[in-house]
């Protein structure tokens with residue numbers, strides 16, 4: 001019972017965080033890299049944010065809890 005309750009609250013917290021980001025938001029990653037949110041994607045593993053970092057070419061996928069708005 002406790003495990004089910006924990007998973008449920010974890011999923012709700014993830015959704016709240018994902019919806020707080022929008023395309024074009026400036027973010028900082030968990031390893032202190034600045035970037036811009038390009039889009040929100042979804043696959044069989046779940047939802048994630050695609051970020052274009054300022055210092056590296058290409059796009060990188062991050063979970064919402066690994067990012068903070070600047």
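Tabulated results
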item	result
Whichever residue in segment 40-54 is more than 8 Å from the chain's Cα centre (by Cα) and modelled with pLDDT of 95 or more and, among such residues, is surrounded by the fewest Cβ atoms within 10 Å (Cβ to Cβ)	54
Filter result (surrounded by 14 or more Cβ atoms within 10 Å (Cβ to Cβ), more than 11 Å from residue 68 (Cα to Cα) and at pLDDT below 95) within segment 19-38	none
Output for segment 33-55, where each listed residue is in contact (Cβ under 8 Å) with a residue 12 or more places away in the chain and outside any strand (DSSP E or B)	33, 54, 55
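The values are calculated or read from the model by the stated rules, or taken from the named source; none is laboratory data. Keep in mind the model is a prediction, meaning the values are calculated, not measured. Because the Cβ atoms are built from the backbone with ideal geometry, glycine has one as well, and the counts that use them run over all protein chains shown.
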